[in-house]
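The values are calculated or read from the model by the stated rules, or taken from the named source; none is laboratory data. Note that the structure is predicted; figures quoted are calculated from it, not measured. Glycine gets a Cβ as well: all are built from the backbone with ideal geometry, and neighbour counts include every protein chain shown. With ligands, DNA and RNA removed, areas are computed over all heavy atoms of the protein, side chains included. Shrake-Rupley method; radii C 1.70, N 1.55, O 1.52, S 1.80 Å.
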Amino acid sequence: MRAPASLRCSVALATLLFALATLLLALTPLAARAWPHGPTNNLHLEGAFFIKERPVAAPDGAGGVYVAWAEQHATWDIYAQRVDASGEVLWTSGGVAVCSAAGDQREPVITALPQGGCVIGWVDRRNTDADVYAQRLSATTGAALWTADGVSVSNIVSLDEVAVQIAYQFDGIYFVWQDGGPGNWDIYGQRLGMNGARLWNATGLPIAVAASEQTAPQMAINDPSLEFQVVWTDARGGAATDLYAQRVLFGGTVGLAVNGVVVCNAAGEQSQPRIALLNGGEFGMVWRDERSGTADLYAQRFGQFGAAVFGLNGIPIITGTNDPSQPRILYDGAGGFFTASLDAEGFGFTGIRFQHIGPTGAILWGAQGTPNNSAFVVGAQIPQLVSDGVGGVIALWQDHRERGNGQIWATHFNSLGNSIWAGDLLVAELPVQNTATMAAVTDARGGAIVPLSQVSLYQVLVKRLDRFGMTGAEPQVTSVRDVANDQGGQVKVSWNASPLDVDPLYESIEEYWLLRDVPTSLIAEAKADAFVRLKPGDPKPADDQRALVEIEAAPGNWEFVAAVPAAHLAAYSKVVATTGDSVAAGNPRTRFMVQARGTAIGTNAWWDSEPDSGYSVDDLAPAMPAPFTGTHAPGVGTFLSWGANLETDLAGYRLYRGSSLGFVPSLANRVASTALTHFEHATAGPVYKLSAVDTHGNESAYNVLVPGGIVDAPGVSTPVEFALASPSPNPSRDAISVRYALPRASSVRLSVVDAQGRRVRLIESSERAAGEWNVRWDGRDESGAASSSGLYWLRLEAGGRVMSQRFVRLR
């Protein structure tokens, strides 16, 4: 999106900075492909190097879009693609082949289905004459759900069927088309079931078959009444065409007079009709009208049962301009409607005129309407209208005001006709010098998604224009990762900056909000006033407030966690708390998203990332329990005790028994799982290993003990792992016995160190064979003096491992 003119001073430094920022963004990993930023960057639907034309679009119900187009191979075929709300292409690269039958398939139309997926219709010449065919595609992969290459909508033979319209209603797909040939065009309709079967006459329902020609049908669905209204141009009254309409009922019959009722039969020609469903089951219509000898725009509000609300032959809505044409109409959500049309001024200048009609026919934006902000420009093409969801309208069109290749421009009006954006905004620079064909649908967030193509472009491009007039301004969460070597409960959230943060033409991002999705159960447990609730665009909560932020496109309980100031960096990260921690049964995930906050069009603005999730892991094991002591009394049992661990997440202790120092603890040799610090075993060891375990399943190193009083020595089998047993006795007043195990021959260093880590005595430094070894320390230091009372550690270095055991010496 182009910045206002005051910001568009392109200097070498700004260009260099943006190039560097773009490179940094390119080198930063992406969570998912985001909508491209700026007028020269476009989302390409890729595909083979063939001419593509006339893209049509339907919103997918989740903020994304279904797109269909015609593509020229040996003959013309129909292709389709789906793009999600974040700009990710969901179906196979290049689009799915909807129909590649013999002959040409062109002029696609499309409607989305509330249950997911879409239905595409087209004009098909596989049988030489033009017929109407259709196909239903799945939402997930775009797979064809009806007969390969589509089903026939009508079986009329040897007549052409063109100018197709399509709409969904109540488990059926409605079609209206122009049938026949030059001099004898008629209007027909059909309803297909969700399985593709024709539900009305096999040849279709005749809607208007009067004398002469009925052409250019337009339809609008009346959802509450399970019916639709059709308007068309009609030459039954003579050389100049009039406008007629018909009400078509659910069962395949007409609800008004046979062949329709008059909408307008004033003098001169009435043409190019458009229709939109309003409130109360009524319809708005707009058309080009030459009753005054020059072209004007007229409109009518038409009742469900054929009554003209605005009076006979409609009302003028734009007069006194030069040749308005190709009008478009959009319901305003409040009983009236918006219109847009081309307005030719001669000398190659063509502008766009907008109008707003009230529910009773009031002309709200003046007799000549409101022009686009740049008035008359070169080569303007048919405008497209999209609701902003709050009573205003977004308009998009192509013109050539700056470069021969042409551009796509947009403007935004509120219901009063005030321009919300700073002039006409540049949406896309077109790469080749041809007229573009385009469509526009809502993005469900106050903006628009715009597929477009040019004949020699060989590509279908898609742009998303957000509510603030920007393209591709959202930040992207790239990862949500555990913080290593901690007790869990936190993750590191990383994200790519909003392009408005690093583009030197803007640099309008002030800060980033980190939001996390709090489970509803935790919200319910909190006090009723524990959270303040923020609407989109509300200011940051106070430091002592917990806040839930409303996110329109991502339902959830989005709690404000932190704000990170923008610093014109390519990427950011922040360590934040999760809503849950790892447990033995698994790792619950927490969803996060990032909201870029800044200014646009002179007001507060915000851009939301797509959510991403991650989990935290407690990967710190408890300390080895110590000291570990025990004695064996023959005929009575073995009595074991140990010092208590102090970890707050301690779950308890696990005690294992084996026949040698090198035995491997397992569930099979575990003799106890206890929260106590002592245990009485009815039989003798001869070797015990003890560990502590936390609530997340992390288990400490093993303390090894050969209890005093055991007569039988541990077995002589080769140990399977390095081990150092707790010294015996412990505590001791004199010498201690130290046992250790080597699974392979190793260099061994065994020493005693005090509580400050200073070496007291090197007991052994030698090469030892694999096996179990027992050495003695006499309690004296390196000088031969008796060591003092206190806490000491045995330290064994062997096989690249370091093991230690704690013991107490008494004097």
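Scanning the range 594-636 for residues that are buried (at least 21 other Cβ atoms within 10 Å of the Cβ) and among the hydroxyl-bearing types (Ser, Thr, Tyr) returns Ser609, Ser616, Thr629. Restricting attention to the range 239-261, the residues being β-branched (Val, Ile, Thr) and either touching a His at 6+ places or on another chain (Cβ under 9 Å) or under 21 Å from Gly293 (Cα atoms) (or both) number 1. Just one of the numbered conditions (1) in contact (Cβ under 8 Å) with a residue 12 or more places away in the chain; (2) over 18 Å from Val720 (Cα atoms); (3) over 51 Å from the mean Cα position of the chain (by Cα) is not true of Ala644: (3).
A single entry from Asp544, Asp517, Asp501, Asp482 fulfils the requirement of being out of contact with any Leu (no Cβ under 8 Å at 6 or more places or on another chain) and either closer than 30 Å to Trp409 by Cα or at pLDDT below 90 (or both): Asp544.
Kindly indicate whether any position in the range 672-687 is in contact with a Phe, Trp or Tyr (Cβ under 8 Å, 6 or more places away or on another chain) and crowded, with 20+ Cβ neighbours inside 10 Å. Scanning the range 672-687, I find at least one residue that is in contact with a Phe, Trp or Tyr (Cβ under 8 Å, 6 or more places away or on another chain) and crowded, with 20+ Cβ neighbours inside 10 Å, so the answer is yes.
Note on the range 489-567: enclosed strands (runs of 3 or more DSSP E) holding 3 or more residues that are within 20 Å of Gly614 (Cα to Cα) and in the same structural domain as Gly602 (by the TED database) are 490-496, 509-517, 558-565.
Summed over the range 584-615, residues that are under 28 Å from Ser521 (Cα atoms) and modelled with pLDDT under 90 total 5. Using the structure shown, decide if Val450 is open to solvent by 10 Å² or more (accessible area, probe 1.4 Å), under 21 Å from Arg401 (Cα atoms) and in contact (Cβ under 8 Å) with a residue 24 or more places away in the chain. So Val450 does not fit the description; no. In the range 362-373, the count of residues that are within 22 Å of Met438 (Cα to Cα) and open to solvent by 10 Å² or more (accessible area, probe 1.4 Å) is one or more. When you check Ala334 against the structure, is it open to solvent by 60 Å² or more (accessible area, probe 1.4 Å), of a type outside the set (D, E, K, R) and under 20 Å from Thr442 (Cβ atoms), yes or no? Yes: the conditions hold for Ala334. Strands (runs of 3 or more DSSP E) wholly in the range 101-220 with at least 2 residues that are over 38 Å from the mean Cα position of the chain (by Cα) - which ones? Because the criterion is at least 2 residues that are over 38 Å from the mean Cα position of the chain (by Cα), the strands (runs of 3 or more DSSP E) in the range 101-220 that meet it are 118-127, 129-137, 160-168, 172-180, 186-193, 205-208. Residues of the range 258-269 include at least one that is surrounded by fewer than 18 Cβ atoms within 10 Å (Cβ to Cβ) and assigned to a strand (DSSP E or B). The strands (runs of 3 or more DSSP E) found entirely in the range 706-811 that carry 1 or more residues being touching a residue at least 60 places away in the same chain (Cβ under 8 Å) are 736-742, 771-777, 790-798, 801-809. Filtered by the rule that a residue be under 29 Å from the mean Cα position of the chain (by Cα) and either assigned to a strand (DSSP E or B) or under 17 Å from Gly61 (Cα atoms) (or both), the range 415-438 gives Leu425, Leu426, Val427, Ala428, Glu429, Ala436, Thr437, Met438.
Screening the candidates Val775, Val738 for the property of being under 22 Å from Arg657 (Cβ atoms), open to solvent by less than 30 Å² (accessible area, probe 1.4 Å) and more than 60 Å from the chain's Cα centre (by Cα) yields one hit, Val738. For the subset of the range 221-242 comprising residues that are under 46 Å from the mean Cα position of the chain (by Cα) and of a type in the set (A, V, I, L, M, F, W, C), which member is modelled with the lowest pLDDT? Here the answer is Leu226. Residue check: is Lys463 in a strand (DSSP E or B) and open to solvent by 10 Å² or more (accessible area, probe 1.4 Å)? For Lys463, the condition - in a strand (DSSP E or B) and open to solvent by 10 Å² or more (accessible area, probe 1.4 Å) - is not met.
Out of curiosity, is Gly469 open to solvent by 20 Å² or more (accessible area, probe 1.4 Å), closer than 22 Å to Ala62 by Cα and in contact with a strand residue (DSSP E or B) (Cβ under 7 Å, 6 or more places away or on another chain)? Against the criterion (open to solvent by 20 Å² or more (accessible area, probe 1.4 Å), closer than 22 Å to Ala62 by Cα and in contact with a strand residue (DSSP E or B) (Cβ under 7 Å, 6 or more places away or on another chain)), Gly469 does not qualify.
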